[in-house]
Amino acid sequence: MILFALKRRPIMNSGFRAVLVLISLFVGLFILTSNIYAAKPIARISSFQGEAIVQSGTKIIKVTQTGLPLNQGDRIQTKQGEIQVIFNDGAVMKVRPFTNAMIQERQEKQGWWLFKTKKAVRRITCFVGKLWFKSGASKRRNYLQTPTAVCGLRGSDGDIGFDNINTYLNMYAGQAEVIGKVMGGFFTNPGTDAATRSRVYQSLEKAHGIAKQAKATGRAVHIHKARVEALKVIKEAATAIAENNPDTTLAREAQVAANVAAANIAAGQALEAVAQLQETGADQSAIDAAQGAAENAQAHADLAEQAAETIYEDGVLNPDSLDQAITDTETAATNAQEAAQAAVDVVDEAASTTPEPSAEETPTSTEEATTTTTTTTTTTFVTTTTTTPTFPTTTTTAEVSDSQ
C-alpha cells in the first residue's frame with residue numbers, strides 16, 4: 001500500500017524550487033505512455049501527404065518530413081491528409097484523413113491464474129476515423145481497438161474505424177477475435193464530422209494551437225499551459241477507454257493512466273499559476289505560498305506515477321496489480337488537485353488585492369489595451385497556483401521547439 005501523507009518541505013530559493021518541480025514533472029510524464037520501459041522508437045513515418053501532427057508525451061510535432069521516429073504511446077492525428085507508418089518488424093499502418101490513432105508495443109501477461117504466459121503484443125487504437133493495418137514478420141500478437149471494442153487479429157491485414165459511437169472492421173485476409181460490438185464489412189471513413197465531435201481529436205487540436213502560441217511568445221505561463229493541455233489529451237483518451245471498453249484489463253489500465261494524467265495536470269496548473277504570479281508582479285509572499293502548493297501537488301503526482309509503475313513487472317503488464325493501482329493513483333490525483341486548488345486560491349487572492357490602474361496608467365493604444373485585457377483574462381483563467389519559476393530559456397523552449 002502506498003501512503004500519501006506528506007510533510008511540508010523546508011523553504012528554499014523559489015527559482016531553484018521551481019526548476020526542481022519542472023524537472024520532476026517532465027521526467028514523470030513517461031509513465032503516461034503505459035509502458036515506462038520502452039526506450040527506443042518502435043516505428044517511423046515512411047510517407048505522408050497533407051497536414052498531420054504527432055503527440056509524443058507532452059510534445060506536439062507537425063509532420064514535415066519522412067523518417068520521423070515514433071515511440072511507445074505516440075499519437076498520430078491527420079486533417080485532410082494521410083500518414084504511412086512502418087514498424088520495426090515491417091508491419092504497415094496507413095492513417096486516413098481526420099483520424100486520431102495511438103500505437104503501443106509491449107509484453108503482457110495473458111491467460112488464467114497459474115497458466116499465465118508472457119505475450120509480445122502490439123495495440124493500435126483508433127479514437128476516431130479510419131486506418132489500415134498489415135502485420136509484419138514478427139510473432140507479435142496484433143490488436144486493433146477503439147474505445148468500445150478490441151479486435152485480436154488472426155490474419156494479415158484489415159481496416160478499423162470509429163465514429164464516436166460504432167466500431168467498424170473490414171478484414172481483407174484472415175479473421176479477428178472480437179470483444180465488444182463491431183460492425184463488419186466495408187465502411188467509409190467517418191471523416192470530418194466524426195472528428196469534429198470527437199473529444200480526443202478536438203483536445204489535441206486545441207493543445208497544438210496552444211503549443212504554437214507558447215513557441216511564438218516564449219512566455220513561461222504559455223509554456224506551462226501548453227504542457228497542461230497536452231496532458232489533457234492523454235487524460236481524455238484514457239478516460240474514453242476506461243469508461244467504454246468491454247475489455248476489463250484494458251479499461252482498468254486506462255483508468256490508471258487517466259488518474260496519473262489528472263495528477264500531473266494539477267501539478268502543471270500549479271506551475272502555470274506560479275508563472276502568472278511572477279508575470280503580474282505579485283508579492284514574494286504570494287509566490288512562496290503558491291510554490292509551496294505546487295511542490296505539494298507535484299509530490300502527489302510523483303506518488304501517482306510510483307503507484308502506476310506497480311502494474312508492470314520487469315516491463316510486463318500484470319493485470320493482477322491494476323485494482324490496487326487504480327485506488328492509489330486516484331487518491332494521489334485527488335490530493336494533487338486539492339494542492340493545486342490551494343495554489344489557485346493564492347492567485348485569486350492576489351488578483352483581488354491588485355489595485356485598478358489609474359486614468360494615467362490606462363493604455364491608450366489598441367496594442368496596449370489588448371495586452372492588458374489578455375493579462376486579466378489569463379489571471380482569471382488559471383485554476384492552480386505555485387511560485388514563479390525562473391527557467392533557463394533553453395529549458396523552457398525545449399518542450400515546444402518542434403511544435404509548428
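The values are calculated or read from the model by the stated rules, or taken from the named source; none is laboratory data. Keep in mind that this is a model prediction, so the values were computed, not measured. Reconstructed Cβ throughout: ideal geometry from the backbone, glycine too, with neighbour counts over all protein chains shown. These area figures cover heavy atoms from the full protein model, side chains too; ligands, DNA and RNA do not enter into them. Shrake-Rupley method; radii C 1.70, N 1.55, O 1.52, S 1.80 Å.
List of remarks:
- When we screen R252, R227 for residues that are of a type in the set (D, E, K, R), within 30 Å of T167 (Cβ to Cβ), part of a helix (DSSP H, G or I) and in contact (Cβ under 8 Å) with a residue 40 or more places away in the chain, the only hit is R252.
- Residues of segment 299-345 satisfying the condition of being open to solvent by less than 20 Å² (accessible area, probe 1.4 Å) and outside any helix (DSSP H, G or I): I311, Y312, G315, V316, L317, N318
- Scanning segment 168-201 for residues that are over 29 Å from A52 (Cα atoms) and touching a residue at least 40 places away in the same chain (Cβ under 8 Å) yields I179, G180.
- As for segment 270-292, it holds no residue that is open to solvent by 20 Å² or more (accessible area, probe 1.4 Å), under 26 Å from I326 (Cβ atoms), at pLDDT 95 or above and under 25 Å from the mean Cα position of the chain (by Cα).
- Test: residue in segment 348-367 that is part of a helix (DSSP H, G or I), modelled with pLDDT of 50 or more, surrounded by fewer than 20 Cβ atoms within 10 Å (Cβ to Cβ) and among the hydrophobic types (A, V, I, L, M, F, W, C): yes
- Residue in segment 197-206 that is under 13 Å from the mean Cα position of the chain (by Cα) and closer than 19 Å to V344 by Cβ present: no
- Of all positions in segment 328-342, at least one carries a residue that is of a type outside the set (K, R), without any contact (Cβ under 8 Å) to a residue 12 or more places away in the chain, under 27 Å from D288 (Cα atoms) and touching a helix residue (DSSP H, G or I) at 6+ places or on another chain (Cβ under 9 Å).
- When A220, A216, A195, A242 are checked against the criterion of being among the small types (G, A, S) and open to solvent by less than 10 Å² (accessible area, probe 1.4 Å), A195 stands alone in meeting it.
- The single condition among (1) open to solvent by 10 Å² or more (accessible area, probe 1.4 Å); (2) free of Cβ contacts under 8 Å to residues at least 60 places away in the same chain; (3) over 14 Å from the mean Cα position of the chain (by Cα); (4) at negative phi that N296 does not satisfy is (2).
- Restricting the first member to segment 122-140 and to residues that are touching a residue at least 40 places away in the same chain (Cβ under 8 Å) and among the polar types (S, T, N, Q), and the second to residues that are open to solvent by 10 Å² or more (accessible area, probe 1.4 Å) and assigned to a strand (DSSP E or B), the beta-carbon pairs closer than 6 Å and six or more apart or on different chains are T125/M102; S135/N142; S135/S156.
- Only a single criterion out of (1) more than 30 Å from V178 (Cβ to Cβ); (2) without any contact (Cβ under 8 Å) to a residue 60 or more places away in the chain; (3) surrounded by 17 or more Cβ atoms within 10 Å (Cβ to Cβ) is not satisfied by G209, namely (3).
- Where strands (runs of 3 or more DSSP E) fall wholly inside segment 45-151, the ranges with 2 or more residues that are open to solvent by 10 Å² or more (accessible area, probe 1.4 Å) are 59-62, 82-87, 92-95, 100-110, 117-134, 141-146.
- Residue in segment 152-169 that is most open to solvent (accessible area, probe 1.4 Å), counting only those that are acidic (D, E) and out of contact with any Pro (no Cβ under 9 Å at 6 or more places or on another chain): D157
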